[in-house]
């Protein structure tokens, strides 16, 4: 199975032009959040990271703690293995972990999408001068199949599984969800996504951490405007 972060990135690329549909900095936080969801996935035995619970000794509630290696622990994926090593440096809150995992992740995932023949690298020049790289989709059938569970939940009121809920929440957070449901009004899709997030709020702790990380990013940018001489 591909990483959740890979699927998220692919869905934020325009099928034809290969350009990003969203703000790159906000997407970086969302990709890191998707990676954190993969690391903490309950279908792993044990999860590669977890969030501490109230009452655990010598730990502040909410810290992301890498699990100790155990026999059979999945380490085959190099992105997951590298992420665990980064999070072993010290205890992190979910928001701090997202900031830590973000740098370089976008390019790594693009390389993976290329290697899987999902997209191809296309180089051009704006006005004949400025180099531009885009990533048009190759396998449109696979991409449409990736969108189908999202549409069933949003348009047909199906109950989402963990992965679909995460994709809906993260795409909504970076304002790329309506593009997955062409022909429907943006307002309608956004309203349905909000209701879904409220209904399954206990399952979206990582999404809330991403939202806080994005807010922090904009706050830093806003403050920085007053620091430039």
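The values are calculated or read from the model by the stated rules, or taken from the named source; none is laboratory data. Since the structure is predicted, the reported quantities are computational estimates derived from the model, not experimental observations. As a convention, Cβ positions derive from the backbone with ideal geometry for all residues, glycine included, and neighbour counts pool all protein chains shown.
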| said: Which residue is farthest from residue 144 (Cα to Cα), if the candidates are limited to segment 160-182 and must be modelled with pLDDT of 90 or more and more than 16 Å from the chain's Cα centre (by Cα)? | reply: 178
| task | Taking only segment 30-55 into account, find how many residues are over 13 Å from residue 80 (Cα atoms), at pLDDT below 90 and surrounded by 13 or more Cβ atoms within 10 Å (Cβ to Cβ). | result | 4
| field | Residues located in segment 70-91, provided they are surrounded by 11 or more Cβ atoms within 10 Å (Cβ to Cβ) and at pLDDT below 75 | value | 73, 74, 75
| request: Would you check if residue 155 is surrounded by fewer than 19 Cβ atoms within 10 Å (Cβ to Cβ), at pLDDT 90 or above and either within 29 Å of residue 96 (Cβ to Cβ) or more than 16 Å from the chain's Cα centre (by Cα) (or both)? | output: yes
| note | Going through segment 180-189 in order, the residues found to be in a helix (DSSP H, G or I) and surrounded by 14 or more Cβ atoms within 10 Å (Cβ to Cβ) are 180, 189
| said: Just to be sure I understand, how many residues within segment 11-23 are closer than 17 Å to residue 150 by Cα, outside any loop (DSSP other than H, G, I, E, B) and in contact with a strand residue (DSSP E or B) (Cβ under 7 Å, 6 or more places away or on another chain)? | reply: 1
| Can we say residue 132 is under 21 Å from residue 110 (Cα atoms) and modelled with pLDDT under 90? | yes
| request: Could you check, for segment 56-65, whether at least one of its residues is closer than 25 Å to residue 2 by Cβ and either in contact with a strand residue (DSSP E or B) (Cβ under 9 Å, 6 or more places away or on another chain) or at pLDDT 85 or above (or both)? | output: yes
| request: Please work out if residue 106 is over 30 Å from residue 90 (Cα atoms) and surrounded by 11 or more Cβ atoms within 10 Å (Cβ to Cβ). | output: no
